[in-house]
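Accompanying notes for the structure given below.
The values are calculated or read from the model by the stated rules, or taken from the named source; none is laboratory data. Predicted model, so just to flag it, every value in this text is computed and none were measured. In this analysis, Cβ positions are derived from the backbone assuming ideal geometry, glycine residues included, and neighbour counts consider all displayed protein chains.
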Amino acid sequence: MHSNLKIEENVSLSGLTTFRIGGEARYFLRAQTEKQVISGLEFAHVNELEVFILGGGSNVLISDSGFSGLVLQVDLKGILFREGDGEAINVTVGAGEDWDEFVGICVEKKLAGIECLSGIPGLVGGTPIQNVGAYGQEVSETLVSVKVFDRHQNKTKTLSKAECGFGYRKSIFNTTEKNRYIVLEVDYSLKKNGAPKIVYSDLKSKFEGRVPSLRETREVVCTIRASKGMLVRQGGLDAQSAGSFFKNPIVRKSKLAELETILLGEGVKGIPNYFVEPDLVKIPAAWLIEQAGFYKGFKKGNAGLSTKHTLAITNRGNATAKEIIDLKADIQNEIMDRFGIDLIPEPNFIGFDNF
Ligand SMILES: Cc1cc2nc3c(=O)[nH]c(=O)nc-3n(C[C@H](O)[C@H](O)[C@H](O)COP(=O)(O)OP(=O)(O)OC[C@H]3O[C@@H](n4cnc5c(N)ncnc54)[C@H](O)[C@@H]3O)c2cc1C
């Protein structure tokens, strides 16, 4: 029945992740057509296997024992540009296209809207899952709709942006409808000859009030990323990570005041924060981690913090998933003890019993 489906067995997953960590997939399929995606799901159903959808592996930590079901990597290609209303250009992109290559193509075509998301690793299909964002821009700002395969209804359909329920690092895909949809294609609306979005302080200070080109913006974003070890293509141990390991916590104003009282008493000059709603403030997780005594380059076994950024837990060479989890737990416990804040991890944990 699945004779022309290339389902492989016992495939090592570590090389398919930016962490370079993880055991084997019992079954593995790289699906290059929608039909193959559906046949892969049928194979899993018939054989009563769990399914994990893999993109570029840049936001996952895979357990040392791997995944006992089917890992289905979505490798659907294609980029189609169409004229929209006025200055709008609509683009339909296959979920398996490399995200950063796609951003580069759009920037060269002078299409604005995703330039600040340059240098983010992974595939296009991964970007709606946590509503990727960086340097003042989020993918939900230009995303129009997402074509998905619905595993509940067993059919292909298109979800509008409103139906995706986007928020800070979240959507229905990683919350209420986790594991239900397989992203096949994403539609964006970009602006022809539009100006780059320069709202993030690092970018503002770099360009000092002048409006740069999209290409310059992309270059500067990539340079800043490289200086923080957040550019996978620069290589090296600092890039063996899943990017930011924790979300920036959002707390009530009263909690911030409480923390200020404790920390100012200890000689700390102030807590960096910015308001996201009148009563809610975001505190940089990296700052909290440093206050709790973890520093750039901190090591525990083969796991450690990036030497350039405390928010990235990295594989310092042959780290196991267990070592990464141990360091994660140490950081979370320390932040809870000192500040009463629960740091929530950003990556997805695959093949663990307790996540
Ligand atoms: C160095 C570095 C820097 C990073 N910087 C940022 C940043 O600035 N901002 C940011 O938001 N993120 C950042 N990330 C995290 C990551 O790159 C993004 O979240 C990216 O979009 C993940 O895409 P992926 O294809 O690698 O997904 P994967 O890691 O393969 O998968 C992540 C999750 O998405 C699901 N998924 C993937 N593809 C599909 C699909 N087609 N259909 C359904 N589900 C799918 C998976 O099941 C999994 O739950 C960074 C990561 C690294 C390593």
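Residue-level check: of (1) buried (at least 20 other Cβ atoms within 10 Å of the Cβ); (2) under 18 Å from the mean Cα position of the chain (by Cα); (3) in contact (Cβ under 8 Å) with a residue 24 or more places away in the chain, V148 misses just (2).
Scan region 69-100 for residues that are in contact (Cβ under 8 Å) with a residue 24 or more places away in the chain and more than 16 Å from the ligand (Cβ to nearest atom) and the total you get is 7.
Of everything listed in (1) of a type in the set (S, T, N, Q); (2) closer than 19 Å to N179 by Cβ; (3) assigned to a strand (DSSP E or B), the single unmet condition for Q153 is (3).
Any residue at all in region 246-259 that is within 11 Å of the ligand (Cβ to nearest atom) and either part of a helix (DSSP H, G or I) or hydrophobic (A, V, I, L, M, F, W, C) (or both)? Within region 246-259 (the criterion being within 11 Å of the ligand (Cβ to nearest atom) and either part of a helix (DSSP H, G or I) or hydrophobic (A, V, I, L, M, F, W, C) (or both)), the answer is no, since none of the residues qualifies. The lone criterion from (1) touching a residue at least 24 places away in the same chain (Cβ under 8 Å); (2) not assigned by TED's automatic domain parsing to the domain that holds G119 left unmet by K170 is number (2). The set of residues in region 88-129 that are more than 14 Å from Y188 (Cβ to Cβ) and either over 23 Å from the mean Cα position of the chain (by Cα) or at pLDDT below 95 (or both) comprises E108, K110.
Restricting G113, G165, G125, G96 to those that are of a type in the set (G, A, S), at positive phi and buried (at least 19 other Cβ atoms within 10 Å of the Cβ) reduces the list to G113. Evaluating F275 against the criteria (1) part of a loop (DSSP other than H, G, I, E, B); (2) outside the structural domain of E101 (by TED's automatic domain parsing) leaves one unmet condition, (1).
Residues in region 124-163 that are of a type in the set (S, T, Y) and within 13 Å of the ligand (Cβ to nearest atom): T127, Y135, S140, T156.
Scoring D342 on the criteria (1) at pLDDT 95 or above; (2) within 14 Å of the ligand (Cβ to nearest atom) leaves a single failure, condition (2).
Among the conditions (1) within 26 Å of Y274 (Cβ to Cβ); (2) within 11 Å of the ligand (Cβ to nearest atom); (3) not in a loop (DSSP other than H, G, I, E, B), G229 misses just one, which is (3). Scan region 138-182 residue by residue and report those that are of a type in the set (D, E, K, R) and closer than 27 Å to K197 by Cβ. Passing the criteria: E138, E141, K147, K161, E163, R169, K170. Considered as a group, the residues in region 114-123 that are touching a Phe, Trp or Tyr at 6+ places or on another chain (Cβ under 9 Å) and closer than 28 Å to Q32 by Cβ include one that is farthest from the ligand (Cβ to nearest atom), and that residue is I114. When we screen G243, G236 for residues that are crowded, with 17+ Cβ neighbours inside 10 Å and within 13 Å of the ligand (Cβ to nearest atom), the only hit is G243. Checking S65, S58, S39 one by one, the residue that is within 24 Å of the chain's Cα centre (by Cα), modelled with pLDDT of 95 or more and more than 13 Å from the ligand (Cβ to nearest atom) is S65 and no other.
All conditions in (1) within 26 Å of F52 (Cβ to Cβ); (2) out of contact with any helix residue (DSSP H, G or I) (no Cβ under 9 Å at 6 or more places or on another chain); (3) surrounded by 17 or more Cβ atoms within 10 Å (Cβ to Cβ) hold for S189, with the sole exception of (1).
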